[in-house]
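Q: Supplied in structure tokens, the structure appears directly below.
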Amino acid sequence: MGDVQLVTATQISKTTLTLGRPSQKNSSIPIEPPAFILPPRNIRIPLGGTARLDGKIRGYPEPRVTWYKNGIPLAGKDRNMVEQSLLGSFSLVIKGVQADDGGKYTCEAVNEGGIRQVTVELTVEVGLKPHNPRAVKPFFETFQTDAPMMPFLAKDLQALLKSLISCFMKREVLDNIKTPVQMLKIDVLDKTLHLPLKEVDLGFATKQALEKASEKLLEKPLPGQQFRRECVAFLSTTAKKLLDKCPLNYAAVRHMACLDPVTMISNERRAISMFEKLLQLLLNAKWNTAEDCDKILSEYKMFLTEMVQHHKEEFQGYRSSSCWLDTFMGRFAGDKAEYAILWKSMKDLFTLSHGQAAVERGYCVNKDMLVTNLKGRTLMSLVAHLMEYCQSPSCSIAKMPGCDMSNTLMMEKKKKKETENDKQREELRSEITKVAAKGQKIITSIEAMQEEADAMAEKAERKQDFTLLTKSNAYRKSVAEKKKEVIGLDAVLSDLKEQQQHCF
């Protein structure tokens with residue numbers, strides 16, 4: 001249900017409360033200057049949509065609301081519609097929004113007590129986005145899984161970010177990016193590193209959509225330079241947030257590439273360097289002792305030498321989509337005594353690096369995991385099972401039970417909260433309707449009494465009958481009291497609507 005507006009249907013809605021009013025000296029209601037209870041807010045509307053700027057004003061006498069754009073009053077005609085009710089609600093509605101409708105709008109409220117203004121901005125969105133965000137979808141499809149994918153994360157994430165910033169960053173900046181650390185040090189908000197606007201890569205699909213959007217405009221084409229500028233702002237801000245929060249900031253993620261089969265074979269020295277740094281992290285975390293780290297590193301070097309000599313093609317042709325990494329490594333190290341300590345360390349790292357698709361997607365994609373969890377298995381039972389299961393030399397995380405019970409409970413709690421909110425919203429809608437109906441009834445009564453008071457005053461003047469004049473003044477006094485009651489209901493209605501907004 002939208003905002004309830006108390007609007008009198010007759011033309012008398014604005015005049016009956018002022019005509020025939022006694023002079024301010026004799027009035028019992030003091031002048032109240034305009035005040036915005038709910039000022040209109042900045043909005044963003046797609047091209048061709050309907051813009052609605054709503055607000056609420058209070059004051060006595062009733063403030064008159066006028067809208068301006070660039071100092072020119074907006075009349076209620078063509079695509080513009082200005083609305084105002086007796087209870088202070090007002091709005092400006094613009095249908096079929098065009099590009100030149102964007103800009104700043106000033107709302108001015110005036111009465112005998114003074115003038116108040118508020119300025120808001122209407123932004124017209126073309127509905128276009130740079131093409132590169134589509135490259136994110138394959139990344140999600142690859143990594144939103146339960147498989148141990150961390151060894152591949154740094155390389156793929158660096159490629160994704162590089163693809164994103166290549167749309168607006170200069171070529172010499174991109175050429176200097178060789179490692180994830182170098183990627184993190186780039187200041188993507190530095191405009192001196194950006195390409196000229198005419199060289200910004202929007203992609204063919206975006207350019208085509210831009211041309212179609214320009215054809216829809218009635219008066220003038222869409223400014224291409226401005227759109228490119230907004231694209232650069234969007235891309236640079238997005239890249240900045242990704243760089244600040246992405247996993248590349250964690251040393252463990254960057255160094256886990258030492259367990260990527262392709263990296264192990266193609267750059268043996270770099271793989272050993274990353275493995276040493278990874279072992280240092282485990283040592284700092286007291287996961288392993290210094291003696292264990294020495295043994296693990298020694299076995300890792302032996303393992304690399306053997307793989308390069310006898311299994312180079314298999315490692316070079318490895319694809320995570322065809323075989324889980326823990327299963328693949330288990331074929332070469334799982335059942336060999338000379339790699340026993342290394343394999344134990346690998347299993348620990350694979351266990352810590354597997355994905356959590358059931359949590360990330362909001363529901364469980366593995367039926368075996370879901371059934372296990374619904375039977376009541378907890379995290380402790382998972383740990384116990386993990387300790388037993390990982391004794392197998394070629395264990396695969398694919399068959400291990402998950403722990404999605406917390407997610408199930410979270411969904412139940414969310415559903416309960418939504419039900420409570422629905423109930424509260426329905427109660428508020430009912431209360432708003434009642435208050436609005438009561439206010440409308442009082443307004444109708446005010447109009448009738450005002451008319452009766454005016455008629456009695458005219459009759460008393462003709463007949464010189466002071467009794468009729470006394471009755472007329474009594475009616476006017478009742479009108480004044482009922483106006484106070486309307487103002488009180490207006491405040492109640494405003495509070496109810498504010499509560500209703502908080503429920504969404």
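Q: Can you confirm whether residue 326 is more than 21 Å from residue 155 (Cα to Cα), touching a residue at least 40 places away in the same chain (Cβ under 8 Å) and assigned to a helix (DSSP H, G or I)? Write out each step before concluding.
A: Details: more than 21 Å from residue 155 (Cα to Cα): no; touching a residue at least 40 places away in the same chain (Cβ under 8 Å): yes; assigned to a helix (DSSP H, G or I): yes.
Here the answer is no, as residue 326 does not meet what is asked.
Q: Among the residues of the stretch 240-263, which ones are of a type in the set (A, V, I, L, M) and either open to solvent by 20 Å² or more (accessible area, probe 1.4 Å) or more than 17 Å from residue 314 (Cβ to Cβ) (or both)? Show your work before the answer.
A: Of the residues in the stretch 240-263, the ones of a type in the set (A, V, I, L, M) are 242-243, 248, 251-253, 256-257, 259, 262.
Once the filter is applied, which keeps residues that are of a type in the set (A, V, I, L, M) and either open to solvent by 20 Å² or more (accessible area, probe 1.4 Å) or more than 17 Å from residue 314 (Cβ to Cβ) (or both), the stretch 240-263 yields 242, 243, 248, 251, 252, 253, 256, 257, 262.
Q: Across the stretch 112-137, what is the total count of residues that are polar (S, T, N, Q), modelled with pLDDT of 85 or more and open to solvent by less than 50 Å² (accessible area, probe 1.4 Å)? Outline the logic, then answer.
A: Narrowing the stretch 112-137 to residues polar (S, T, N, Q): 117, 119, 123, 132.
Pick out the ones that are also modelled with pLDDT of 85 or more and you get 117, 119, 123.
Checking the rest, the ones that are also open to solvent by less than 50 Å² (accessible area, probe 1.4 Å) come to 123.
Qualifying residue count for the region: 1.
Q: Tell me which residues, restricted to the stretch 96-111, are open to solvent by 10 Å² or more (accessible area, probe 1.4 Å) and under 26 Å from residue 491 (Cα atoms).
A: Within the stretch 96-111, the first condition is being open to solvent by 10 Å² or more (accessible area, probe 1.4 Å), and the residues that meet it are 96, 98-104, 106, 108, 110-111.
Across the stretch 96-111, the qualifying residues are 106, 108, 110, 111.
Q: Quick check: anything in the stretch 354-362 under 30 Å from residue 414 (Cα atoms), of a type outside the set (Val, Ile, Thr) and open to solvent by less than 10 Å² (accessible area, probe 1.4 Å)?
A: Step one: of the stretch 354-362, the residues under 30 Å from residue 414 (Cα atoms) are 354-362.
Okay, now just the ones that are also of a type outside the set (Val, Ile, Thr), so 354-358, 360-362.
From what's left, open to solvent by less than 10 Å² (accessible area, probe 1.4 Å): 357-358.
The answer is yes, given that some residue of the stretch 354-362 is under 30 Å from residue 414 (Cα atoms), of a type outside the set (Val, Ile, Thr) and open to solvent by less than 10 Å² (accessible area, probe 1.4 Å).
Q: Of all residues in the stretch 217-233 being open to solvent by 90 Å² or more (accessible area, probe 1.4 Å) and outside any loop (DSSP other than H, G, I, E, B), which is modelled with the lowest pLDDT? Give the steps one after another, and end with the answer.
A: Restricting attention to the stretch 217-233, the residues satisfying the condition of being open to solvent by 90 Å² or more (accessible area, probe 1.4 Å) are 218-221, 225, 229-230.
Restricting the remaining residues to those that are outside any loop (DSSP other than H, G, I, E, B) gives 225, 229-230.
Working: 225: 73, 229: 84, 230: 80.
The selected residue is 225.
Q: Same structure, new question: Would you pick out the residues in the stretch 324-349 that are open to solvent by 60 Å² or more (accessible area, probe 1.4 Å) and aromatic (Phe, Trp, Tyr)?
A: Residue satisfying the conditions is 324 alone.
Q: In this structure, does residue 330 turn out to be under 26 Å from residue 144 (Cα atoms), in contact with a Ser or Thr (Cβ under 9 Å, 6 or more places away or on another chain) and at pLDDT below 85? Before you say what the answer is, go through the steps one by one.
A: Values: under 26 Å from residue 144 (Cα atoms): yes; in contact with a Ser or Thr (Cβ under 9 Å, 6 or more places away or on another chain): yes; at pLDDT below 85: no.
No; evaluated as a whole, the condition is false for this residue.
Q: Please state which one of 491, 448 is assigned to a helix (DSSP H, G or I), surrounded by fewer than 16 Cβ atoms within 10 Å (Cβ to Cβ), under 32 Å from the mean Cα position of the chain (by Cα) and of a type in the set (A, V, I, L, M, F, W, C).
A: Working: 448 fails: under 32 Å from the mean Cα position of the chain (by Cα).
The match here is 491.
Q: I'd like to check something: does the stretch 81-95 contain any residue that is modelled with pLDDT of 85 or more, surrounded by fewer than 17 Cβ atoms within 10 Å (Cβ to Cβ) and either in contact with a helix residue (DSSP H, G or I) (Cβ under 9 Å, 6 or more places away or on another chain) or not in a strand (DSSP E or B) (or both)?
A: Taking every residue of the stretch 81-95 in turn, at least one turns out to be modelled with pLDDT of 85 or more, surrounded by fewer than 17 Cβ atoms within 10 Å (Cβ to Cβ) and either in contact with a helix residue (DSSP H, G or I) (Cβ under 9 Å, 6 or more places away or on another chain) or not in a strand (DSSP E or B) (or both).
Q: Same structure again: From the list 273, 321, 298, 266, exactly one residue is farther than 14 Å from residue 349 by Cβ, touching a residue at least 60 places away in the same chain (Cβ under 8 Å) and either hydroxyl-bearing (Ser, Thr, Tyr) or open to solvent by less than 60 Å² (accessible area, probe 1.4 Å) (or both). Which is it?
A: Values: 273 fails: touching a residue at least 60 places away in the same chain (Cβ under 8 Å); 298 fails: touching a residue at least 60 places away in the same chain (Cβ under 8 Å); 266 fails: touching a residue at least 60 places away in the same chain (Cβ under 8 Å).
Exactly one of 273, 321, 298, 266 is farther than 14 Å from residue 349 by Cβ, touching a residue at least 60 places away in the same chain (Cβ under 8 Å) and either hydroxyl-bearing (Ser, Thr, Tyr) or open to solvent by less than 60 Å² (accessible area, probe 1.4 Å) (or both), namely 321.
Q: Separate question: Which condition number in (1) under 35 Å from the mean Cα position of the chain (by Cα); (2) surrounded by fewer than 15 Cβ atoms within 10 Å (Cβ to Cβ) is the one that residue 497 fails?
A: Just one mismatch for residue 497, condition (2).
Q: For the stretch 283-295, how many residues meet the condition of being on the phi < 0 side of the Ramachandran plot and free of Cβ contacts under 8 Å to residues at least 40 places away in the same chain? It would help to see each step written out before you state the result.
A: To start, the set of residues in the stretch 283-295 that are on the phi < 0 side of the Ramachandran plot comprises 283-285, 287-295.
Add one more test, that the residue is free of Cβ contacts under 8 Å to residues at least 40 places away in the same chain, and what stays is 283-285, 289-291, 293-294.
Residues meeting the conditions: 8.
Q: Of (1) open to solvent by less than 50 Å² (accessible area, probe 1.4 Å); (2) over 23 Å from residue 85 (Cα atoms); (3) not β-branched (Val, Ile, Thr), residue 428 satisfies all except one. Which?
A: For residue 428, the failing item is (2).
Q: For residue 169, which of the numbered conditions (1) closer than 25 Å to residue 316 by Cα; (2) open to solvent by less than 30 Å² (accessible area, probe 1.4 Å); (3) modelled with pLDDT of 90 or more fails to hold?
A: Tallying (1) closer than 25 Å to residue 316 by Cα; (2) open to solvent by less than 30 Å² (accessible area, probe 1.4 Å); (3) modelled with pLDDT of 90 or more, residue 169 fails exactly one: (1).
Q: Pull up the stretch 27-64, narrow it to residues that are open to solvent by less than 30 Å² (accessible area, probe 1.4 Å) and of a type in the set (Val, Ile, Thr), then point me to the one that is nearest to residue 104 (Cα to Cα).
A: Applying the filter and picking the extreme gives 45.
Q: Quick one: which helices (runs of 4 or more DSSP H) lie wholly within the stretch 238-312 and hold at least 2 residues that are aliphatic (A, V, I, L, M) and under 40 Å from the mean Cα position of the chain (by Cα)?
A: On the way: elements: 251-255, 261-266, 268-284, 290-310.
Counting at least 2 such residues, we get 251-255, 268-284.
Here's the yes/no breakdown for (1) under 30 Å from residue 351 (Cβ atoms); (2) modelled with pLDDT of 90 or more; (3) in a loop (DSSP other than H, G, I, E, B); (4) over 26 Å from the mean Cα position of the chain (by Cα):
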| site | (1), (2), (3), (4) |
| --- | --- |
| 139 | yes, no, no, no |
| 142 | yes, no, no, no |
| 164 | no, no, no, no |
| 189 | no, yes, yes, no |
| 209 | no, no, no, no |
| 214 | no, no, no, yes |
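Q: Quick one: would you say residue 300 is within 15 Å of residue 265 (Cβ to Cβ) and touching a Leu at 6+ places or on another chain (Cβ under 7 Å)?
A: Details: within 15 Å of residue 265 (Cβ to Cβ): yes; touching a Leu at 6+ places or on another chain (Cβ under 7 Å): yes.
So residue 300 passes the test.
Q: Among the residues of the stretch 336-352, write down those that are farther than 10 Å from residue 296 by Cα and either out of contact with any helix residue (DSSP H, G or I) (no Cβ under 7 Å at 6 or more places or on another chain) or not hydrophobic (A, V, I, L, M, F, W, C) (or both).
A: Here is the first cut: in the stretch 336-352, the residues farther than 10 Å from residue 296 by Cα are 336-338, 347-352.
Selection gives 336, 337, 338, 347, 348, 351, 352.
The values are calculated or read from the model by the stated rules, or taken from the named source; none is laboratory data. Predicted model only: the values in this text are computed from it and were never measured. Please note: Cβ atoms are built from the backbone with ideal geometry, for glycine as well, and neighbour counts cover all protein chains shown. Areas reflect the complete protein model, heavy atoms only, side chains present, ligands, DNA and RNA absent. Shrake-Rupley method; radii C 1.70, N 1.55, O 1.52, S 1.80 Å.
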